[in-house]
Amino acid sequence: MNSLTYNILQLTVMILVAPLINGIIRKVKAFTQKRKGAPLLQMYFDLFKLIKKNTVVSETSSWIFKAAPYVVITTALGAGLMVPSVTLVAPSGFMGDIILLVYLLALGRFFMMLAGLDTGSTFGGMGSSREAMISALMEPSILITLFTAGLAAGTTSIGGIMTKVKEMPAPLTQPVFIMFFLATLIIIIAETSRIPVDDPSTHLELTMVHEAMILEYSGRHLAMMELGASVKQLVFITLLVNICLPLDQLITISGIGAIVLSLLLYLVKVSAAAVLIAIIEVNTVKFRFFSVPNLAALSFILAFIGFLEYFVLWR
Amino acid sequence: MDNYNQVLSVLILLTSFMLMANKRIKSYIGTFRLQSALIALTAGIMGIRAAMAEGSIDVLVVSIIIIALKVIYIPNLLHKTFSGVEYKVEKDFFLNIPLLILICCGLVVFSYFSVSRVAGGSDGIMNAEVVNSISLVLIGLFFMISRRKAIGQIVGFLVIENGIFITAMFSTNGMPFIVDIGVFIDIITAVLIMGIIVFKINEKFDSIDINKLKNLRG
């Protein structure tokens, strides 16, 4: 029963909170440009509108084009199930570990790249090849980063890491977790197509990566692609905030009240992370595409130094 | 919050990696300023602790001198010297940046292993702060040889000096006042002379590429 409650709660939180993050980021960006900006809930309206609309599928495309949105959203939600937003409701049994999380997301991305190539449009092919390069660059750094946290906690299960971290005194003052925080921040920016790597709000053919791959989609399929991308973003943000800033140990009451309180704290943490990402996005310019390896190398090294610090300090 | 020394030493190491990944002269100087500010903070905390415990204000004075010299004076001097130079971005490296960063990581690993040999490898205790600051010295040295332009040599030299200072700081809790002052005077003379020489080279050859210095041969 506990496992069922957890799954329902987790899926609801992931689907409902994910579009809000995009809303917050857009709002902060609009404020810095002295605009009022779209309402916070704009992405929900967009998704509803897209679901109601007709889907247009190109005649030359194969089954991959129609299957890809389902794969993308399923893998994103599957990854979301592994990253508990509220650690008070523990998932029971084996719920997957770091490696499964990374490669589930990689599977969704693989299908997204195939779908980009499938229609045979030039933009799709371009976007897919760029995405392949970025993902190949970021994959080692994601793995090393998560393994660093796993090493410090002594387990590779993500729920396990989050419960272990709760017992440590202020993780963000430990060198290992400072490095983890910075490396994860770079990974979030690269993985969720934020500004130094990709620009989410433009359709300029020279620069777009993620937008180029989903250019041919419309209606329900597009809604699934968009929701999948934002759930993936929320998965990474949850990893960041729940490992670096666990506040669940402060809650002294138990029962339903504790879960509600923990969810509220989670919302506050996630919004703070969204504001931080928006500030980074406002303050940087888009990199040349061939400067992205520098960013990947930097995040890899940050995680690796965290790894070394663990052996020096805690062995 | 009793591990602030570890945190600060890791952050100082981090700034040296930021320096390695940069290629703009402005960000070289800015990152050096940040690094010096962190070092001044470390020295300041140590100074306050020393003043509370023993009543000696040597380290505190040293940290104020660092703020005046390395956070304010030298970066401004470098800005002024290099505002006249026409290039702003370093273009051709000997190796590309990701490779440079990976080599720096190798340097950090190297210093971990070598320090564990020297300072009590048998009892399994390594002083993380000392390891990080020795890596800072090595990275500064590597920065000097990885950049072609003269600004790289100057900033690399300053990073080496920062590394030596912070190593001494972490391993002894503050050196004798007279030693620190002597080092600072050395630094300031070196930077002044280097700045003037770079300015003159730029004036004579229209470039501060160190490879062109061969042209001086008759």
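The values are calculated or read from the model by the stated rules, or taken from the named source; none is laboratory data. Predicted model, so just to flag it, every value in this text is computed and none were measured. With ideal geometry, Cβ positions are generated from the backbone for all residues, glycine too; neighbour counts draw on all protein chains shown. Each accessible area value is taken on the protein alone, full model and side chains, heavy atoms only, with ligands, DNA and RNA left out. Shrake-Rupley method; radii C 1.70, N 1.55, O 1.52, S 1.80 Å.
One table, with the values for the structure above:
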read-out: Filter pass, A:A132 being over 15 Å from the mean Cα position of the chain (by Cα), open to solvent by less than 50 Å² (accessible area, probe 1.4 Å) and in contact (Cβ under 8 Å) with a residue 60 or more places away in the chain; value: no
read-out: Boolean, A:L40 is open to solvent by 20 Å² or more (accessible area, probe 1.4 Å), in contact with a Gly (Cβ under 9 Å, 6 or more places away or on another chain), of a type outside the set (D, E, K, R) and touching a residue at least 24 places away in the same chain (Cβ under 8 Å); value: no
read-out: Residue count, region A:205-230 (criterion: of a type outside the set (V, I, T) and over 22 Å from A:L50 (Cβ atoms)); value: 2
read-out: Test: residue in region A:222-234 that is crowded, with 22+ Cβ neighbours inside 10 Å, among the β-branched types (V, I, T) and modelled with pLDDT of 85 or more; value: yes
read-out: Residue among A:I243, A:I186, A:I161 that is aliphatic (A, V, I, L, M) and either over 30 Å from A:I259 (Cβ atoms) or open to solvent by 30 Å² or more (accessible area, probe 1.4 Å) (or both); value: A:I186
read-out: Residue satisfying all of: in region A:246-267; surrounded by fewer than 22 Cβ atoms within 10 Å (Cβ to Cβ) and part of a loop (DSSP other than H, G, I, E, B); nearest to the chain's Cα centre (by Cα) among these; value: A:L247
read-out: Failed item, numbered, when B:F177 is tested on (1) surrounded by 22 or more Cβ atoms within 10 Å (Cβ to Cβ); (2) in contact (Cβ under 8 Å) with a residue 40 or more places away in the chain; (3) of a type in the set (A, V, I, L, M, F, W, C); value: (1)
read-out: Lone unmet requirement of (1) more than 14 Å from chain B (Cβ to nearest Cβ); (2) in a helix (DSSP H, G or I); (3) open to solvent by 10 Å² or more (accessible area, probe 1.4 Å) for A:I277; value: (3)
read-out: Subset of region B:70-111 [in contact (Cβ under 8 Å) with a residue 40 or more places away in the chain, in a helix (DSSP H, G or I) and open to solvent by less than 20 Å² (accessible area, probe 1.4 Å)]; value: B:K70, B:I74, B:P75, B:L78, B:F82, B:I97, B:L100, B:I101, B:C104, B:V108
read-out: Test for A:A30: is it more than 30 Å from A:S262 (Cβ to Cβ), under 23 Å from the mean Cα position of the chain (by Cα) and either charged (D, E, K, R) or surrounded by fewer than 16 Cβ atoms within 10 Å (Cβ to Cβ) (or both); value: yes
read-out: Helices (runs of 4 or more DSSP H) wholly inside region A:157-226 containing at least 2 residues that are within 14 Å of chain B (Cβ to nearest Cβ); value: A:175-191
read-out: Test: residue in region A:287-299 that is touching a residue at least 12 places away in the same chain (Cβ under 8 Å), more than 19 Å from A:L137 (Cβ to Cβ) and open to solvent by 10 Å² or more (accessible area, probe 1.4 Å); value: no
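Residues checked against (1) open to solvent by 30 Å² or more (accessible area, probe 1.4 Å); (2) of a type in the set (A, V, I, L, M, F, W, C); (3) facing another protein chain (nearest Cβ under 10 Å); (4) assigned to a helix (DSSP H, G or I):
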| site | (1), (2), (3), (4) |
| --- | --- |
| B:I12 | no, yes, no, yes |
| B:L19 | no, yes, no, yes |
| B:T31 | no, no, no, yes |
| B:G44 | no, no, no, yes |
| B:I48 | yes, yes, no, yes |
| B:G55 | yes, no, no, no |
